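Everything below concerns the one structure shown next.
The values are calculated or read from the model by the stated rules, or taken from the named source; none is laboratory data. Please read these numbers as outputs of a predicted model, since none were measured by experiment. Using ideal geometry, Cβ is built from the backbone for each residue, glycine included, and neighbour counts are taken over all protein chains shown. Surface areas here come from the heavy atoms of the whole protein model, side chains and all, with no ligands, DNA or RNA. Shrake-Rupley method; radii C 1.70, N 1.55, O 1.52, S 1.80 Å.
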Amino acid sequence: MIVMTRIDYRLLHGQVAFAWTNNLSANAILIANDSVAKDNFRKKTLQLAKPDSAKLIFKSIEDSAKAIASGVTDKYRVFIVVENIHDAYRLAKKVPQIKLIDLGLSDQKEGSKNIAKSVYVTPEESGLLTELENNGIQVLVKQAPGDPDIEFSTLI
């Protein structure tokens, strides 16, 4: 069962590893990212932040979608973390079980607009998230579990 998908350019760090994992009662964290899946150094670094209460899995976007579709993740409360909006979009288009995306932290880049604390989106990314919302996926902008739920569409 997928409990939430979070966009966070830092991937796994204290707030994600402990506050979110505990809040969601997640017992598995899936880092869905093409480059991390192939980078042993990044995987080892991210494993340092892994909470003892959760299994940590690294897969590409494609392999993440295949694993979820196969049912192998059904026995877990899976918290998916992706690095950017494009990865969240790609994964959500392949995985109908994704019903909630938290836009937690997205980095500033050329052409991006600040829509909330530490959240920047380009017009293209805004279009992708709007499309997901229009397809029934709830997109929230929320840094920490105790923050209020703010619908993405209210910020653009």
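Which of the residues spanning region 1-39 are within 23 Å of LYS66 (Cα to Cα) and basic (Lys, Arg)? Hits for region 1-39 are ARG6, LYS38. Checked against (1) in a strand (DSSP E or B); (2) aliphatic (A, V, I, L, M); (3) within 19 Å of TYR120 (Cα to Cα), ALA88 passes all but a single condition, namely (1). Within region 1-34, being touching a helix residue (DSSP H, G or I) at 6+ places or on another chain (Cβ under 8 Å) and assigned to a strand (DSSP E or B) holds for ILE2, VAL3, MET4, THR5, ARG6, ILE7, ASP8, ILE29, LEU30, ILE31, ALA32.
Quick check on region 46-57. Is at least one of its residues within 15 Å of ASP8 (Cα to Cα) and surrounded by fewer than 22 Cβ atoms within 10 Å (Cβ to Cβ)? The answer is yes, given that some residue of region 46-57 is within 15 Å of ASP8 (Cα to Cα) and surrounded by fewer than 22 Cβ atoms within 10 Å (Cβ to Cβ).
Of all residues in region 18-41, those that are open to solvent by 20 Å² or more (accessible area, probe 1.4 Å) have Cβ atoms under 7 Å from Cβ atoms of residues that are of a type in the set (A, V, I, L, M, F, W, C) and in a helix (DSSP H, G or I), 6 or more apart or on another chain, in ASP34/ILE61. Contact annotation: residue pairs with Cβ atoms under 7 Å, 6 or more positions apart or on different chains, pairing a residue in region 50-79 that is on the phi < 0 side of the Ramachandran plot with a partner that is in a helix (DSSP H, G or I) and open to solvent by 70 Å² or more (accessible area, probe 1.4 Å), are PRO51/PHE18; LEU56/GLN47; ILE61/ARG90; ALA65/LYS94. Among the residues of region 72-83, some residue qualifies, meaning at least one is of a type in the set (A, V, I, L, M), surrounded by fewer than 16 Cβ atoms within 10 Å (Cβ to Cβ) and more than 17 Å from GLN138 (Cβ to Cβ). Can you find even one residue in region 104-111 that is more than 20 Å from ALA17 (Cβ to Cβ), part of a helix (DSSP H, G or I) and of a type in the set (D, E, K, R)? Within region 104-111 (the criterion being more than 20 Å from ALA17 (Cβ to Cβ), part of a helix (DSSP H, G or I) and of a type in the set (D, E, K, R)), the answer is no, since none of the residues qualifies. Within region 98-110, the presence of at least one residue that is within 17 Å of the chain's Cα centre (by Cα), surrounded by fewer than 21 Cβ atoms within 10 Å (Cβ to Cβ) and of a type in the set (Lys, Arg) is confirmed. For ILE57, the conditions (1) more than 16 Å from the chain's Cα centre (by Cα); (2) assigned to a strand (DSSP E or B) are fulfilled apart from (1). Scanning region 132-155 for residues that are surrounded by 14 or more Cβ atoms within 10 Å (Cβ to Cβ), touching a residue at least 24 places away in the same chain (Cβ under 8 Å) and over 15 Å from the mean Cα position of the chain (by Cα) returns ILE150, LEU155. Of all the criteria given as (1) crowded, with 20+ Cβ neighbours inside 10 Å; (2) more than 14 Å from the chain's Cα centre (by Cα); (3) of a type in the set (Asp, Glu); (4) closer than 21 Å to GLY14 by Cα, the one not satisfied by GLU125 is (4).
I'm told LEU103 meets every condition in (1) in contact (Cβ under 8 Å) with a residue 60 or more places away in the chain; (2) in contact with a Gly (Cβ under 6 Å, 6 or more places away or on another chain); (3) of a type outside the set (Asp, Glu) except one. Can you identify the failing condition by its number? So LEU103 meets the others, but not (2). All of ILE85, ILE150, ILE101, ILE80 fail the test of being hydrophobic (A, V, I, L, M, F, W, C) and farther than 21 Å from LEU30 by Cβ, apart from ILE150.
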